[in-house]
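S.K.: Take a look at the following structure, please.
The values are calculated or read from the model by the stated rules, or taken from the named source; none is laboratory data. This one's a predicted model, so the numbers in the text were calculated from it and none came from an experiment. Don't worry about glycine lacking a Cβ; one is built from the backbone with ideal geometry, like all the others, and counts go over all protein chains shown. Calculation scope for accessible area: heavy atoms of the full protein, side chains included, ligands and nucleic acids excluded. Shrake-Rupley method; radii C 1.70, N 1.55, O 1.52, S 1.80 Å.
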Amino acid sequence: MNILLVKITADWFAGREMATAMAVMLTAWPVGLGLAAATLGGLATATSWRTSLVAAAAMAALGLVVMATVFREAPVRAAPGARAALAAREVGLAISSGVAWGAFNASLVAVIAFGPAMLVARGVSLGQAGFEVSLAIWVTILSVPLGGVLSDRVGRPDVFIVAGTVAAGALLFALPTIPGAALGLLLVGVAIGAPPGPLTSLLPRALAPERLATGLGVSYTAYYLVMAVVQPLAGWLRDVTGDPATPVRFAAAAMATTIASVVIFRVIERRAAAASPATRP
């Protein structure tokens, strides 16, 4: 689903406001998460946990019906018989973009997973801690689409990626010592709105249409490898140090990988562009 949704969006918005489109598509994640958190618990309490599972499945089925009813394929952009295999530099682009997106998301997931325990250790009730951490998610419903729109309007995607990542990382690193954690998490939600649209547009803008699906497959392999490494490592650091704030600070540090990976992506892209005239027949 991740690969197909990005590919579908890229096909429809190639050469247009792709960062905006990607950002709007990505906003479905916090919207669905927020709606589920707000409704399924109460539904399970009023009826049974089985009913809440059926309700979640019904929403997925509704999405399938909507797609089957109204979705149209984008006009074909790939040339018939065009090569679908990736060249070495395209594999490099796919891996670096996947690591960048994976590190960014893994950092946020670590905060969602370990942030409540940090707040509880500071004397906040468990329910209040969960609510305060969720504030960052709710804010992204507005900040992510806005970040995509501004990135397309300004035309400087790397600036939005770096500025948003640095701001979010700095806020996360300071979060354990900020007196008002709720305000800090709200600001984190604002800061993380800038990178997603430009980040997910990197690879679709760099690869030819006929190689994009394969490239996204490689990219999301790297993405999930990063996700699989960061979460256990954050938990291990929590156990070793005994400090509930350590995973949050680790998440802040891990965001630096996003910036480094984007730099690598651009270096590969520029070297390929410089070499292309010499290799052209």
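S.K.: Of the residues 87, 78, which single one is at pLDDT below 85, touching a Lys or Arg at 6+ places or on another chain (Cβ under 9 Å), open to solvent by less than 90 Å² (accessible area, probe 1.4 Å) and not acidic (Asp, Glu)? Walk me through it before giving the result.
M.R.: On the way: 87 fails: at pLDDT below 85.
Sole residue among the options that is at pLDDT below 85, touching a Lys or Arg at 6+ places or on another chain (Cβ under 9 Å), open to solvent by less than 90 Å² (accessible area, probe 1.4 Å) and not acidic (Asp, Glu): 78.
S.K.: Starting from residues that are touching a residue at least 40 places away in the same chain (Cβ under 8 Å) and assigned to a helix (DSSP H, G or I), keep the ones in the range 26-44 and report whichever is farthest from residue 215 (Cα to Cα). Full working, then the answer.
M.R.: Initially, the range 26-44 is screened for residues touching a residue at least 40 places away in the same chain (Cβ under 8 Å), giving 26-27, 30-31, 33-34, 37.
Okay, now just the ones that are also assigned to a helix (DSSP H, G or I), so 26, 30-31, 33-34, 37.
Values: 26: 19, 30: 26, 31: 28, 33: 28, 34: 31, 37: 34 Å.
Within the range 26-44, the match that is farthest from residue 215 (Cα to Cα) is 37.
S.K.: Would you say residue 29 is out of contact with any helix residue (DSSP H, G or I) (no Cβ under 6 Å at 6 or more places or on another chain), among the aromatic types (Phe, Trp, Tyr), open to solvent by 90 Å² or more (accessible area, probe 1.4 Å) and at pLDDT 85 or above?
M.R.: Working: out of contact with any helix residue (DSSP H, G or I) (no Cβ under 6 Å at 6 or more places or on another chain): yes; among the aromatic types (Phe, Trp, Tyr): yes; open to solvent by 90 Å² or more (accessible area, probe 1.4 Å): yes; at pLDDT 85 or above: no.
So residue 29 fails the test.
S.K.: Condition first: closer than 25 Å to residue 22 by Cβ, at pLDDT 95 or above, open to solvent by less than 40 Å² (accessible area, probe 1.4 Å) and of a type in the set (Gly, Ala, Ser). Can you find one or more residues in the range 257-271 that meet it?
M.R.: yes
S.K.: So which of 46, 10, 94 is surrounded by fewer than 20 Cβ atoms within 10 Å (Cβ to Cβ) and either farther than 21 Å from residue 188 by Cα or modelled with pLDDT under 85 (or both)? Before the answer, list the steps.
M.R.: Working: 10 fails: surrounded by fewer than 20 Cβ atoms within 10 Å (Cβ to Cβ); 94 fails: surrounded by fewer than 20 Cβ atoms within 10 Å (Cβ to Cβ).
Exactly one of 46, 10, 94 is surrounded by fewer than 20 Cβ atoms within 10 Å (Cβ to Cβ) and either farther than 21 Å from residue 188 by Cα or modelled with pLDDT under 85 (or both), namely 46.
S.K.: Given the conditions (1) open to solvent by 30 Å² or more (accessible area, probe 1.4 Å); (2) in a loop (DSSP other than H, G, I, E, B), which single one is not true for residue 186?
M.R.: Of the numbered conditions (1) open to solvent by 30 Å² or more (accessible area, probe 1.4 Å); (2) in a loop (DSSP other than H, G, I, E, B), the odd one out for residue 186 is (2).
S.K.: Considering only the range 212-221, state which residues are open to solvent by 10 Å² or more (accessible area, probe 1.4 Å) and among the aliphatic types (A, V, I, L, M).
M.R.: Selection gives 213, 218.
S.K.: Only one of these conditions is not met by residue 39: (1) modelled with pLDDT of 90 or more; (2) open to solvent by less than 90 Å² (accessible area, probe 1.4 Å); (3) β-branched (Val, Ile, Thr). Which number is it?
M.R.: Among (1) modelled with pLDDT of 90 or more; (2) open to solvent by less than 90 Å² (accessible area, probe 1.4 Å); (3) β-branched (Val, Ile, Thr), residue 39 violates only (1).
S.K.: Among the residues of the range 195-211, is there at least one that is part of a loop (DSSP other than H, G, I, E, B), more than 15 Å from residue 101 (Cα to Cα) and open to solvent by 10 Å² or more (accessible area, probe 1.4 Å)?
M.R.: Initially, the range 195-211 is screened for residues part of a loop (DSSP other than H, G, I, E, B), giving 195, 207-208.
Filter again for more than 15 Å from residue 101 (Cα to Cα), leaving 207-208.
Checking which are open to solvent by 10 Å² or more (accessible area, probe 1.4 Å) leaves us with 207-208.
Within the range 195-211, one or more residues are part of a loop (DSSP other than H, G, I, E, B), more than 15 Å from residue 101 (Cα to Cα) and open to solvent by 10 Å² or more (accessible area, probe 1.4 Å).
S.K.: Inspect the range 9-19 for any residue being closer than 26 Å to residue 135 by Cα and in contact (Cβ under 8 Å) with a residue 60 or more places away in the chain and give the result as yes or no.
M.R.: As a first pass, look at the range 9-19 and keep what is closer than 26 Å to residue 135 by Cα: 19.
Subset that is in contact (Cβ under 8 Å) with a residue 60 or more places away in the chain: 19.
There is at least one residue in the range 9-19 that is closer than 26 Å to residue 135 by Cα and in contact (Cβ under 8 Å) with a residue 60 or more places away in the chain.
S.K.: Now a separate question. Got at least one residue in the range 152-160 being assigned to a helix (DSSP H, G or I) and open to solvent by less than 10 Å² (accessible area, probe 1.4 Å)? Step through it out loud before you land on a result.
M.R.: Going residue by residue through the range 152-160, those that are assigned to a helix (DSSP H, G or I) are 152-154, 157-160.
Those left that are additionally open to solvent by less than 10 Å² (accessible area, probe 1.4 Å): none.
No: zero hits.
S.K.: Please verify whether residue 149 is more than 30 Å from residue 237 (Cβ to Cβ), open to solvent by 30 Å² or more (accessible area, probe 1.4 Å) and either touching a Cys at 6+ places or on another chain (Cβ under 7 Å) or not in a loop (DSSP other than H, G, I, E, B) (or both), treating the condition exactly as stated.
M.R.: In short, yes.
S.K.: Does residue 249 count as of a type in the set (Lys, Arg) and open to solvent by less than 60 Å² (accessible area, probe 1.4 Å)? Outline the logic, then answer.
M.R.: Details: of a type in the set (Lys, Arg): yes; open to solvent by less than 60 Å² (accessible area, probe 1.4 Å): no.
Against the criterion (of a type in the set (Lys, Arg) and open to solvent by less than 60 Å² (accessible area, probe 1.4 Å)), residue 249 does not qualify.
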